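A.B. asks: Take a look at this one; I'll ask things after.
Nothing in this text is a laboratory measurement; each read-out follows from the coordinates by a stated rule. Just so it is clear, the model here is predicted, and its values are computed rather than measured. Cβ placement follows ideal geometry from the backbone for every residue including glycine, while neighbour counts extend to all protein chains displayed.
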Amino acid sequence: MAKAKPQSTAKKAPPSKATRAFSPAQARRESRAAKRARAGVIYDRLHAQYPDSHCALDHTSALELLVATVLSAQCTDKRVNMVTPALFARYPEAAAYAAAPLGELEEMVKTTGFFRNKAKSLQGLGSALAEKHGGEVPRTMDELRVLPGVGRKTANVVLGNAFDINEGVVVDTHVGRLSRRLGLTFEDDPEKVEIDLMALLPQARWTLWSHLLIDHGRAVCIARKPLCAACVLSEVCPSSEV
Ligand code: SF4
């Protein structure tokens, strides 16, 4: 994955209203059509910057991705990727999670945090998939959302990345934070952010959009100290500090 090189981190005064390329006030006044056009520019620039952007959770099947996504709650993808190889080898099918002793599952996912709840979810998930879906991961939002430990965000991850179904936009902390900084939404609630983003972007772009924002949030638009001087979006971002 291409990463933008952070340039100078020296503290600069925020730009004045007169010199700012795209101000917060403009973002507030922006028409839906103008915001859509700006979202398109943002997408294209990020796509050029991160051409290999993809789901950071290692997986080779829908079941593996579903399990990894459940484990990623309140945990880094890197940590999840350290835990999942052993887990996937030990439980290759949904029924294996259903049959696993809870204590054993807890031990295997312990380092991802909230391990008791996560182990219970994996066991329940295995049972539900084995009993109601022939051991397969279903391909609809309605069927996924009722599975143990699976909310809309997890369902979106699985649909988009395992099945290439753009059902919605995955809104994690990076996606929410960057979308607000970019003035594409003024909402805090992830489901409301998702609705705003779905209205701005063509459906075919929904899954990749999340990956692009996540990559940019990790490399450049860092939570505590965004590297605006090194950012390809600075001219179209109302929060730019350059
Ligand atoms: S790094 Fe700065 S310019 Fe780039 S998206 Fe974040 S706040 Fe905007």
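A.B. asks: Take every Cα pair under 8 Å in the stretch 62-162 that's 6+ residues apart, average their separations, divide by the length, and report that relative contact order as a whole percent.
C.D. replies: Reported relative contact order: 31 percent.
A.B. asks: What distance in nm separates the two pseudo spin-label positions at K132 and T76, each 7 Å out from Cα along the beta-carbon direction?
C.D. replies: About 3.5 nm, to one decimal.
A.B. asks: Shifting gears a bit: Can you count the Lys pairs in the chain with C-alpha separation below 20 Å, eight or more apart or on different chains?
C.D. replies: So the count works out to 16.
A.B. asks: Also, quick follow-up: Can you give me the Cα centroid spacing of the stretch 39-110 and the stretch 124-192 in angstrom?
C.D. replies: What the calculation gives is 13 Å, centre to centre.
A.B. asks: Taking one equal scatterer on every alpha-carbon of the stretch 107-196, how large is log10 of I(q)/I(0) by Debye at q = 0.17 1/Å?
C.D. replies: -0.83
A.B. asks: Based on DSSP H runs of at least 4 residues, each adding -39500 (n - 2.57), what is the mean residue ellipticity at 222 nm of the chain after dividing by all its residues, to the nearest 500 deg cm²/dmol?
C.D. replies: Computed ellipticity for the chain at 222 nm equals -16000 deg cm²/dmol.
A.B. asks: Same structure, new question: So, with +1 on the Cβ of K and R and -1 on the Cβ of D and E, and no other charges, what is the size of the charge dipole of the chain about its Cα centre, to the nearest 20 debye?
C.D. replies: Once rounded to the nearest 20, the dipole reads 1400 debye.
A.B. asks: While we're looking at this one, here's another question. Would you list L122, L227, L102 from fewest to most Cβ contacts within 10 Å?
C.D. replies: L102, L227, L122
A.B. asks: With each label point set 7 Å from Cα along the Cα-Cβ vector, what nm distance links A33 and E235?
C.D. replies: Going from the A33 label point to the E235 one covers 2.2 nm.
A.B. asks: If you build a Gaussian network model of the chain, linking Cα atoms that sit under 10 Å apart, which residue out of V193, V169, V41 swings the most?
C.D. replies: Highest fluctuation of the listed residues: V41.
A.B. asks: Here is a further query. With just the Cα atoms of the stretch 42-133, tell me how far they stretch along each of the three principal axes, in Å, largest first.
C.D. replies: Here the spans come out as 48, 29, 20 Å, largest first.
A.B. asks: Please list, by residue number, every one of the chymotrypsin sites (Phe, Trp or Tyr not before Pro) in the stretch 179-242 that is coil in DSSP and has at most 16 other beta-carbon atoms within 10 Å.
C.D. replies: F186
A.B. asks: How are the alpha carbon pair distances in the chain distributed across 5 Å bins from zero to the largest one, expressed in percent?
C.D. replies: 1, 6, 13, 17, 17, 14, 11, 8, 6, 4, 2, 1, 0
A.B. asks: Given the options Q123, Q26, Q49, which has the most mean-square fluctuation in a GNM of the chain, springs set between C-alpha atoms less than 10 angstrom apart?
C.D. replies: Fluctuation is largest for Q26.
A.B. asks: On to the next question. Tell me the relative contact order for the chain as a rounded percent, counting alpha carbon contacts under 8 Å between residues six or more apart.
C.D. replies: 28 percent
A.B. asks: In addition: Can you sort K118, K132, K35 from fewest to most other Cβ atoms within 10 Å of each residue's own Cβ?
C.D. replies: K132, K35, K118
A.B. asks: Rank the residues R29, R36 as a footprinting-exposure proxy: fewest other Cβ atoms within 10 Å of their Cβ go first.
C.D. replies: R29, R36
A.B. asks: Still on this structure, please answer the following. Under unit Cβ charges (Lys, Arg +1; Asp, Glu -1), what dipole magnitude, rounded to 20 debye, does the stretch 62-162 have relative to its Cα centre?
C.D. replies: 360 debye
A.B. asks: Could you tell me which helices of the chain pass both thresholds, a Cα extent of 18 Å or more along their own axis and a mean Kyte-Doolittle hydropathy of at least -0.5, with helices taken as whole DSSP H runs?
C.D. replies: Result, helices passing both filters: 77-90, 206-219.
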